[in-house]
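Structure, as structure tokens:
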Amino acid sequence: MRILVCGAGGQVGHELINRASGYGLEALGMTRDNLDITDAGQVADLVSRLKPGLIINAAAYTHVDNAETHGERAYSVNRDGAERLAQAARQASIPLLHISTDYVFSGNARAPYREEDEVAPTGVYGASKLAGEAAIQAVLDEHLILRTSWVYGVHGHNFVKTMLRLGCQRDALSVVADQYGCPTQAGSIADALLELAQRYAQNGVLAWGLYHYSGRSPCTWFDFAVEVFRQAEAKGMLAARPKVSPISTAQYPTPARRPAWSVLDCSKFETTFGIETHDWHDDLSIVLDALAEAVAVAAAGAAQHTQA
């Protein structure tokens, strides 16, 4: 089955494209340059021409701080773009799998958020993503919305790669220690979505609706950074671990307020589909190995070029 992947240049989108063939799926990847998901005509024409059997939307305006001053753009992509894709999917009688976020919640809880818990985004990014969820739900019955959190991976910009860069540049740094969440590897999200797409291709049905999917084991950004450096040093990626000091959110102000609690309850997803979430420590090791290999390959290529 052909699947249309929107946001193919992003962290999850990149993984969807790379892994699709392993699930017997043909991925048609669209980046911002290939497809403007806010353009209803362009979306409809593309779906009509390519005739995918399913759409996965990994496209989003994800710059949380910039969204506070570029709200129109955030809503255009996160709400209107999602709605355009849902409309095109309905017209083509195909389903839409869509990625959403933990930022739809206030962050004031202290128990893992369930799908039915009250939503109360604290910033434009979360509000625009929530509006996208609502738009899809209003337009298309055959949808699956997957909320996730703290995404990182081999490709794109993310916390892990930032920590590795800083770890090579500094002897010490400070990281926020009063925000809790569950790091989630982009490749694991892609695998979960592709598994669902494969099941749909085989059976023509899925348990549609709203689900949570994230890594296992809550931690703070401070905890996450410490583990990044611990594993990176053990793998020979850092000569020495920098000293990491915990700080409060108040000591690291940002234009957009971050949820203090972003832990998601993923039991509904696991029970419904029989797909387990991954412990983020294990997934982090996989990502670090891939990053180390990429550096080694680049170094070997540079050496060969120099010798030539």
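Of the strands (runs of 3 or more DSSP E) lying entirely inside segment 139-232, those containing at least 1 residues that are among the aromatic types (Phe, Trp, Tyr) and closer than 30 Å to Ala86 by Cβ are 209-212.
Taking Ile145 as the residue in question, decide whether it is crowded, with 19+ Cβ neighbours inside 10 Å, more than 20 Å from Glu116 (Cα to Cα) and β-branched (Val, Ile, Thr). The answer is no for Ile145.
Name the one entry in Ala300, Ala290, Ala239 that is at pLDDT 95 or above and either among the hydrophobic types (A, V, I, L, M, F, W, C) or within 25 Å of the chain's Cα centre (by Cα) (or both).
Details: Ala300 fails: at pLDDT 95 or above; Ala239 fails: at pLDDT 95 or above.
The conditions single out Ala290.
With the structure loaded, tell me whether Glu293 is in contact with a helix residue (DSSP H, G or I) (Cβ under 7 Å, 6 or more places away or on another chain) and either of a type outside the set (Lys, Arg) or in a helix (DSSP H, G or I) (or both) or whether it fails that test. Against the criterion (in contact with a helix residue (DSSP H, G or I) (Cβ under 7 Å, 6 or more places away or on another chain) and either of a type outside the set (Lys, Arg) or in a helix (DSSP H, G or I) (or both)), Glu293 does not qualify.
Against the conditions (1) crowded, with 20+ Cβ neighbours inside 10 Å; (2) under 19 Å from the mean Cα position of the chain (by Cα), His63 satisfies every one except (1). For the residues Gly209, Gly215, the requirement of being closer than 30 Å to Ile94 by Cβ, among the small types (Gly, Ala, Ser) and surrounded by 15 or more Cβ atoms within 10 Å (Cβ to Cβ) singles out Gly215. Outside any helix (DSSP H, G or I) and not aliphatic (A, V, I, L, M): does that describe Arg73? Against the criterion (outside any helix (DSSP H, G or I) and not aliphatic (A, V, I, L, M)), Arg73 does not qualify.
In segment 53-66, the residues that are in contact (Cβ under 8 Å) with a residue 12 or more places away in the chain and under 22 Å from Ile3 (Cα atoms) form Cβ pairs under 6 Å with partners that are buried (at least 24 other Cβ atoms within 10 Å of the Cβ) and of a type in the set (S, T, N, Q), at six or more places apart or across chains, as follows: Ala60/Asn78; Tyr61/Asn78. Across segment 66-83, the qualifying residues are those that are in contact with a Gly (Cβ under 9 Å, 6 or more places away or on another chain) and either under 25 Å from Leu46 (Cα atoms) or polar (S, T, N, Q) (or both), and the one among them that is surrounded by the fewest Cβ atoms within 10 Å (Cβ to Cβ) is Asp80.
A count restricted to segment 109-119 and to residues that are in a loop (DSSP other than H, G, I, E, B), surrounded by 14 or more Cβ atoms within 10 Å (Cβ to Cβ) and not β-branched (Val, Ile, Thr) stands at 4. Residues in segment 244-285 that are of a type in the set (Lys, Arg), in contact with a strand residue (DSSP E or B) (Cβ under 9 Å, 6 or more places away or on another chain) and either assigned to a loop (DSSP other than H, G, I, E, B) or more than 22 Å from Arg216 (Cβ to Cβ) (or both): 1 in all.
The values are calculated or read from the model by the stated rules, or taken from the named source; none is laboratory data. As the structure is a prediction and not an experimental result, all values here were calculated from the model. Cβ: placed from backbone, ideal geometry, glycine included. Neighbour counts: every protein chain shown.
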